[in-house]
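The values are calculated or read from the model by the stated rules, or taken from the named source; none is laboratory data. These numbers were taken from a predicted model, which means no experiment stands behind them. Because the Cβ atoms are built from the backbone with ideal geometry, glycine has one as well, and the counts that use them run over all protein chains shown.
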Amino acid sequence: MTTASNPKHAMAVPATARNGNSDRARFSLDSRVQTPVLFWSVIFFGVLPFLIKYCAAMWNQDLYQYFPFLLIAVFGLAYLRFDRRVYLPTGLGAHLAILAAICFLVPAAMLQSSWLGAIAFIFLTAAFLGSQRARDGRSLLYLAVPMVMFLRAPLLATYTVMNRLQLITTDLSSILLDVVGVLHNQSTNTIELVSKNLFVAEACSGVQSLFTICFLALVVLVYQRRSLILTPLYLGIAFLFAIAGNVIRVTSIAIAEEWFRVDITTGLRHELIGYLCLAIAAGMLVSFDHLIGLLPFATRTQQSATTTDTEGLVQANAESEFSIGHGLRGMRIGQVVPVAIIVLCGLAMITQYALSETDVRPVVATNQVLYEPSPSFLSGAGAPVRVVSHEVNRDSHGDRNARHGMNSDVWRCGIGSQSGQFVLSQPYMGWHELTICYKVQNWTMTARNAVSVAGEQEPVVVADFLSDNGVHGCLVFSGVNSNGKLPRTPGHSPYARILAPVYPLIMDDFAETSGSAQTLMLQYWMAQPQPINEADKQNAVDAMVKIRRHTAKEIEKTFVESLSQR
């Protein structure tokens, strides 16, 4: 049987050729397959240098360790459902996706940004899947929907979601504990039991299970061939089920402590109950999908599969061993140009990465300490600070102040005519926007300004707050990295607010790629019934600059000593 030639598609056929008396395995292809295979292979190999760095950064963060399963699910479903033919880019959508990928890949190569390279990879995946066909002749573009969860979210946005989920989880857990009769008191993100206090930490906020459940929701959506207009509904339901699973987790920990005196706040038990609650949330998601499947419009109808006489096609078209030259000769100029640009971007990424110096700044896990200040640390900064007391907090799972972070040193002190608190909190994965910590404590931010200081590379942030009962607060804060350098201070103009969350991602900030913590935050907090005047704010800024210099000097000295010992 013969089949008419179609230049837009081809089919891969593995074969084994015999050469004389010996068997030599080779991969033989229909003559029409070589150009499409070469086109897509070179494109994805061109993006590979960006993906290696990006995937390493993804694996370093617990939030995104589902990504291997995401890639397996997407490309596994594509393999199971495509019609065993490989197509070159077809249609306006595929060409626009490739153009968009190049628009991201060129600046990615210039800035050595794996995050921009990942966006390009997502567009290329959409172009590839959109060009391939299922057995019923339809496009496989819908399988690219879960790739949205391959994109790493900005840390600032993650912190915001995390803090909101902390409050929601604590509120709902408190209600559930009331229902089962556990005596307790809720104080912001802390559940105060009779025996101990349970702080709903960032890791217990549910953001990790939220990302995972959203990924599962999108995979279920495309696996069951549900209508893509249901995507927002599936993501919304995933959000609710993630919260429900995490409320069960926090409530179970409280009940185990109060009724059975079993501590499951740390260790293997804590991890196991986390996975169990994640499985419960996933089960609820599957049940929801079965319910949606009962609706007649929810599932994309399948057309009858078209049959292809594969054996006859192989016989009618002579096999030939794969040849790069043959594949290149089949490409048009419009296909060669994007391939060349993508390959050059990949080579540029490899070259820049090989020539760049390795970042050797000290890092720690997010529950450890980078720098241990002495009680006299603040007094030795040379700032006009009247120290009253010093308090050390090192219990990451205990009753801690949510504004002060996982580990903190708190000095009650005075600057000028004002009394307040100076806090050195650590560690953070890059700049931490401390205003968020106060917003979730029901403080309303009325102003935020980055105050530049002569002779200083980075400004100091001054934020004004107002509480519900009319108390005025002022937060003055800055940061220092573990090598004594200053992290970039984001502004608060409309443009800066848009750029600030994605700037560390675009520039492949160390915290974003290492998944480690290497930043200390310094803050001074003042509160009084009357508005705080500008002179007191300026005094606090001047003192913060001196304290920041002292902190950077001390940390840099520790950093240099650690390098000399290597």
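Quick notes on this one:
- Residue identified as at pLDDT 90 or above, in a helix (DSSP H, G or I), touching a strand residue (DSSP E or B) at 6+ places or on another chain (Cβ under 7 Å) and not hydroxyl-bearing (Ser, Thr, Tyr) among 280, 253: 253
- Cβ-Cβ distances below 6 Å connect the following pairs, each with a first residue in region 106-117 that is on the phi > 0 side of the Ramachandran plot, a second residue that is surrounded by fewer than 24 Cβ atoms within 10 Å (Cβ to Cβ), and a separation of six or more residues or different chains: 112/352.
- Elements of type strands (runs of 3 or more DSSP E) in region 145-218, at least 2 residues being in contact with a strand residue (DSSP E or B) (Cβ under 8 Å, 6 or more places away or on another chain) and modelled with pLDDT of 95 or more: none
- Exactly one residue out of 547, 555, 532 is assigned to a loop (DSSP other than H, G, I, E, B) and aliphatic (A, V, I, L, M), and it is 532.
- Any hit, region 68-82, residues being in the same structural domain as residue 35 (by the TED database), in a loop (DSSP other than H, G, I, E, B) and either touching a strand residue (DSSP E or B) at 6+ places or on another chain (Cβ under 9 Å) or without any contact (Cβ under 8 Å) to a residue 40 or more places away in the chain (or both): no
Conditions (1) part of a loop (DSSP other than H, G, I, E, B); (2) at pLDDT 85 or above; (3) not small (Gly, Ala, Ser), marked per residue:
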| site | (1), (2), (3) |
| --- | --- |
| 476 | no, yes, yes |
| 500 | no, no, no |
| 513 | no, no, yes |
| 526 | no, yes, yes |
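- Among the residues making up region 402-420, those that are crowded, with 19+ Cβ neighbours inside 10 Å and polar (S, T, N, Q) are 407, 408, 418.
- Considering only residues in region 89-132 that are polar (S, T, N, Q) and in a helix (DSSP H, G or I), the one that is nearest to residue 70 (Cα to Cα) turns out to be 125.
- Region 413-459, residues that are part of a strand (DSSP E or B) and either farther than 19 Å from residue 537 by Cβ or outside the structural domain of residue 540 (by the TED database) (or both): 424, 425, 426, 427, 428
- Of 39, 45, all but one fail to be in a helix (DSSP H, G or I) and surrounded by fewer than 17 Cβ atoms within 10 Å (Cβ to Cβ); the exception is 45.
- Of all residues in region 133-144, those satisfying the criterion of being in a loop (DSSP other than H, G, I, E, B) and out of contact with any helix residue (DSSP H, G or I) (no Cβ under 9 Å at 6 or more places or on another chain) are 136, 137, 138.
- A search for C-beta distances below 7 Å between a residue of region 379-391 that is assigned by the TED database to the domain that holds residue 548 and any residue that is surrounded by fewer than 18 Cβ atoms within 10 Å (Cβ to Cβ) and assigned to a loop (DSSP other than H, G, I, E, B), counting only pairs 6+ apart in sequence or on different chains, returns 390/375.
- Qualifying positions in region 58-69 - buried (at least 21 other Cβ atoms within 10 Å of the Cβ) and among the aliphatic types (A, V, I, L, M): 58
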